[in-house]
Every structure is written in C-alpha cells, then in structure tokens.
Amino acid sequence: MARHSLQRLLGLIPTLLMLITVAFLLMRVAPGGPFDSDKLLPPDIEANLNAKYHLDESLPQQYFRYLGQVAVLDFGPSIQYKDWTVRELIAQGIPVSSTIGLAAMLLAFVLGTTLGITAALKQNTRADYLLMGVGMLGISIPNFVIAPILILLLAVYAGWLPAGGWDWGIASMVLPVVTLSLPVTAYIARLTRASMIEVMHSNFIRSARAKGLPESLIIRRHALRPALLPVISFLGPATAAMISGSVVIERIFSIPGLGSYFVQGALNRDYTLVMGVVIFYGVAIIVLNFLVDLVYAWLNPRVRYDQNR
Amino acid sequence: MDAPAPLLEVKDLDVGFDTPEGEVHAVNRLNFSIKPGETLALVGESGSGKTQTAMAILGLLAENGHMRGQALFKGQDLLKMTTPELNRYRGSEIAMIFQDPMTSLNPYLRIGKQMVEVVMHHQGRAKADARTRAVEMLRAVRIPDPERCFRQYPHEFSGGMRQRVMVAMGLLCAPDLLIADEPTAALDVTVQVQITHLMSELRKRSNTAIILITHDLGVVAGLCDRVMVMYAGEAVECGSVEQVYYDPKHPYTQGLLDSVPRLDRPEDTDLVAIAGNPPNLLALPEGCKFRDRCPRAFEACREKPPMQLTEDRHAYRCFLGDPK
C-alpha cells in the first residue's frame, strides 16, 4: 500500500509539468498583456516594467525561469496586485474557498446518499418519483439562477440570512454552501439510487435474504457499501470542482475566495496569479482523486494493492 | 407403521409473473411432498419452473411474481407468511444454495463474517462460538486451512471452493431442508463430482432433506431417492430413481433419458434430441402440454391427462400406459 501510494504521488510530477506547460503557453497565446490598458504607457516605462517581470526575455527563457521558481514553491509576485506575492494571495483565498467547498460537499454527500437510498428502497412509488423529479430540477437549474432566488426569499423577504458577505459566521455560510451543494446533492442522489437498485437485485442480496437476515441488516451490512462505491469515485473530482467551481457563487455572494483571483487574474492577464491558481487546482484535483482511490480500495477488497504479489 | 409425516408438502402451487406481454405461467398446479431426510430431484429443462418453485417456497420471487396454493412446512404454510415470519425459517430450518457461486457471495465481506452472521442471528450465539461453528463447517466441506479461509474474501477462491463455502453456509444451522438450485451447473465436471459427493456425504451425516434442482440426470442418479420430472411448470412424472430411470412412463422422460450419452449403449448409437421447443408460457396449450413435441401423441391428448398412480407409487401424467 505504502509503495503504491508513493508511486501515485510521484506520478503527480509529470501531470503537473504538463498542466504548467499548457497553462503557460495558453496565457501567452491569449492576446494582450498585463500592462495593456486604455491609457497607453510611455514606451520606456513599459520596457522597464517588462524587464522587472522578465517579460522581455524569450519565451523558453521565461518558461524555464518559471519552472525553476515553482520547484522551490515560489510563484512570483502578482503583476496586478502590487506588493502581494501570488503565494500570499492564494494563501488568503484557500481557507475561504475550501471551507465552502468542503462544507457543500459534506452536505451533498450526506443528503444525496440518504435521498438516493430512500428513493431506491421505495422504487416506483410516489416518494421515489417526487425525489427524483426534484433531483432533476436540482441538476438542470444553474446555480446563478438558484442563488438570486434563495437570496430573494431567505435574505430579502424573510430577512433570516445575510444576502452576501463573509465573516466566518455560520449565517454567512448557509446560502453559498446550500446553493453550491444543490446540484451535486441531486446528482449524488440519482447516482446512489441507480446503484442501490442494482445492488438490491444482485445475487448476493438474494443469498442474504435466503439466510433469513432482516431487511434492515441486509441493507446496512450487505448493500450499502457496494451501492456507495460509484458515489465515492465521483467524490474526488466533484470536491475539486466544488472548491474551484465556486467562482460564480463567490461572485454572487461577494465572498473573498480563490475564485475572484482566478477571474480577475485571467481578465487582467496577471500571468503569475493565474498560473498560481491553476497549479493549486491541479494539485487539489490530483490529491483528492488519490485520497478517493485510497478510500475506494479500503471499501472494495478486490482492488486492494497489498496482496502479496 | 404409518409413513412419517411429510416435512414439506406443496399443494396446487401456481407461480406467475406479470410482464408487459401478459402473464407468464411458470408453475401450474404443482403437487409434491418430501419426507424428513429424503432427497428429491426436480428435473427438467430451462424454463420448466424448477427454480421458481424453490423461490416461491422461500418467498424469494421477483417483484412481478405472484403465487397461489400451499407449501406446508411442518404444517405451517410458508406461502402465507410475512417476510419477518419467513425469516425465522430461512437460513435456519430451510437453507438454499444457489446456482452461481461466483456471484452469490457478497464480494465485499470476508467469508467468515458472512457465515457468522447466520449463526448469530438465528441461534443468538456469541461471536466466538459462531466462529467455531463456521470453521467446523468449512472443515466439514473439506476446505483446506479453514481458519485462513474464514478471514479471506470470496474473490480469493475458485468457483468450486466458493460452492463449498455456500454448502457449508447452508448447513451452518443444521437445517431440516436444503434446497440446492443447480449447485454444480457452473462448475467443471471434476468439481461437480466432488460437490455431489460432498452433499451426499453430509446428508447421510445430518439427516437433512434435500431438494436438488438440476437438469443433470447423472447427478440425480448419484444423490437422490426420488425424482420429479417437470415440463412447462407441471409435474409430468414422479417416482423413485429406479422407476424413473429404468421404467420411464412419460414420453418426455424417455426423451430426456435418450438425450444423455451413456456408456452402456453401442458406440454408434446416435443421441436423440427432443424435437421442437417447450411451449410458450404466456399462452399454454390446452390438454397435454407435451403434445406438440410428443412422438406418440394421439387424439385423446387434446384433453389434459390426469396424474396416474401405479401400485408402487410411480406417478405420471400421460394417457399411454392407461389401463383403459
């Protein structure tokens, strides 16, 4: 197991290298540069600025300089946010974005699996149709539509919750977390329902019934684990997407997370900031997938790697 | 002396399935009984209703299935019971071994856990006690190193070994009745023989009655006391192994026996297949259901033949051999 984990972590390096290369090239291919604005800068000032950020060097030179910096975890200064390094900016955004992302994921997992299992056990009844109908809505309505509706109802009319802002209080987290988790909850519910139905019709559940075990025990001990496996493998990419995909939510609820830096950085051609955020997301996705694989192996004896071979 | 009371008595069992095309009549007016310690074979081709008969007895029919009739186990009608009531019998007094050992064990749980739970649930024994019992049964089905097997997962075993585990699991609570649904169908021939021997040996030791569902007439001869031949959801012939094998009364039974290769026939004898296909279970014909495939059918077969009984309790459903 340890050996396998080490191999997986080493595999992270080439993936990241590829990610950095592609992102680096794409940023430079995009028209415009960090110092373009409505007001033209005097040519010698622009030349000075370019020299400061090494933008006057050839592309390969810049590329290898950047790689060298990343290797020692130095992501350079932000071009747009003067006096801030990229590392400082990201370090500021991470706690907020990951709190929202992880809280939303937890909510989606607990709620989604519960609803999915309930629907599966009441398959083809009204409760099932109702749950799955609502689930379909949850998947198909984009969150930039849901968010204003929730704000209108719960913040503006009812006045129970703040309409936006972030003060690390529970009240300010509720709306963004709920909005972010809704589509994922619905997706997990559908995924769980489908796999639970399949498992309940499998031969080993029939065997368990023939053994005279009560239905509740059969569900808990025999059906739950295989039914949740597809959900577990979905969790890795989904969590990463939630931490990074909260861009829209952070915008709507004016939350100082990573998302705003990503968008602002891309619009302003803040090369270093965008590269920093991209690398963070890349690492997050790879690490989360790795963690999910570990959990998966722990749940499914057939893919454990420590068998003496 | 009176014959001992039957352990299980099935009366007028009907099993049907609702499908979009209509109702499938899987089992029709089936009657049979089995005595304590006896071994009864249900023989017939695919779709003859053998498996669904067993599923109905244990209340394991698919959701679109329904049943009528009675299945009296020690006088109690299993078909009328709710699932919690049935659960007192399932696994403890009536155990079932399924056809496919590769998928019938839970791949996510250790074999030991899957065995121990039966004993703990039905006999309320402590875990350590249940473990002892499980290892003892694994040893009885001759699994090498049962202690180790107890801690292993199903995927670490071959099909034959898994079926041994299933047999051990079925016999954990020393059931009075074991229903084995084609226990050897998915296995290699040599392994089939081993499992058959194993079941025959365990039966002698524990006096468990067995209903063996199979289409393998060789397995039947080695293991069973009585045979019931089924066709299109009906019993067409029922008798002792000797009666059915050496003096088959029903043309379908004769056809089945002729289609099996045998060493005691001349080398150049061709195997005979029964012409045609079993009837459509959605729309069963009137009269004898084997009529369209029967080489000896005649006018009277348009009426449904009654079950005839010879003096030595050999039953068959055919007008041929009718004394009249």
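All of the numbers you see were taken from the coordinates with simple rules; none came from a lab. Just so we're clear, the structure is a prediction, and the values are computed from it rather than from any experiment. Please note: Cβ atoms are built from the backbone with ideal geometry, for glycine as well, and neighbour counts cover all protein chains shown.
Numbers for the structure displayed
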{"item": "Kirkwood-Stokes translational diffusion coefficient of the stretch A:13-71, alpha-carbon pairs, 4 °C, 1.567 mPa s, µm²/s", "result": "100 µm²/s"}
{"item": "Estimated vicinal HN-Hα couplings, Hz - the stretch A:182-187 in sequence order (Karplus 6.51, -1.76, 1.60; Gly, Pro = x)", "result": "3, x, 5, 4, 4, 5"}
{"item": "Derived scalar couplings ³J(HN,Hα) [the stretch A:139-150; Karplus, 6.51 cos²θ - 1.76 cosθ + 1.60; whole Hz; x for Gly, Pro]", "result": "6, 8, 8, x, 6, 6, 8, 5, 4, x, 5, 5"}
{"item": "Most fluctuating residue given options B:Leu282, B:Leu61, B:Leu40, as computed from a GNM of chain B linking Cα atoms under 10 Å", "result": "B:Leu282"}
{"item": "Spin-label model distance (nm) - A:Val134 vs B:Arg205, 7 Å beyond Cα toward Cβ", "result": "5.5 nm"}
{"item": "Estimated 222 nm signal from helices in the protein assembly as shown, with DSSP H stretches of n ≥ 4 weighted -39500 (n - 2.57), rounded to 500", "result": "-16000 deg cm²/dmol"}
{"item": "Full-stretch length increase - B:Lys113, B:Thr82 - with 0.36 nm per residue and alpha-carbon distance subtracted", "result": "8.5 nm"}
{"item": "Long pairs among B:Lys11/B:Lys289; A:Lys122/B:Lys50; B:Lys204/B:Lys289; B:Lys50/B:Lys204, criterion Cα-Cα beyond 27 Å", "result": "A:Lys122/B:Lys50; B:Lys204/B:Lys289"}
{"item": "Candidates A:Ile188, A:Ile252, A:Ile100: whichever shows maximal mean-square fluctuation once chain A is modelled as a Gaussian network with Cα springs under 10 Å", "result": "A:Ile252"}
{"item": "For B:Glu234, distant residues with modelled amide H under 5 Å away", "result": "B:Asn28"}
{"item": "Relative contact order of chain A, defined on C-alpha pairs under 8 angstrom at six or more residues apart (%)", "result": "27 percent"}
{"item": "The stretch A:163-309: relative contact order as a whole-number percent, Cα under 8 Å and 6+ apart", "result": "26 percent"}
{"item": "Theoretical FRET efficiency, 1/(1+(r/R0)^6), r = Cβ-Cβ of A:Leu10 and A:Val110, R0 45 Å, to 0.05", "result": "0.85"}
{"item": "Net dipole in debye of the stretch A:10-93 [+1 Lys, Arg Cβ; -1 Asp, Glu Cβ; about Cα centre; nearest 20]", "result": "220 debye"}
{"item": "Environment charge of B:Leu223, counting only residues whose C-beta is closer than 12 Å and scoring Lys/Arg +1, Asp/Glu -1", "result": "-1"}
{"item": "Dipole magnitude of the protein assembly as shown about its Cα centre (Cβ charges: Lys, Arg +1; Asp, Glu -1), debye to nearest 20", "result": "1380 debye"}
{"item": "Charge sum, other residues only, whose C-beta stays under 13 Å from A:Arg193's C-beta, Lys/Arg counted +1 and Asp/Glu -1", "result": "0"}
{"item": "Karplus (6.51, -1.76, 1.60) ³J(HN,Hα), θ = phi - 60°, over the stretch B:47-62, in Hz, Gly and Pro reported as x", "result": "x, 8, x, 4, 5, 5, 4, 5, 4, 5, 4, 8, x, 10, 4, 4"}
{"item": "Between helix B:111-123 and chain B: long-axis angle, C-alpha atoms, 0 to 90°, nearest 10", "result": "80 degrees"}
{"item": "Mean-position separation - Cα centroids, the stretch B:125-171 and the stretch B:181-230, in angstrom", "result": "20 Å"}
{"item": "Charge context of B:Gly170, other residues only, Cβ under 13 angstrom, K/R +1, D/E -1", "result": "+2"}
{"item": "Gaussian network model of chain A, Cα within-10 Å springs - most flexible of A:Leu180, A:Leu229, A:Leu130", "result": "A:Leu130"}
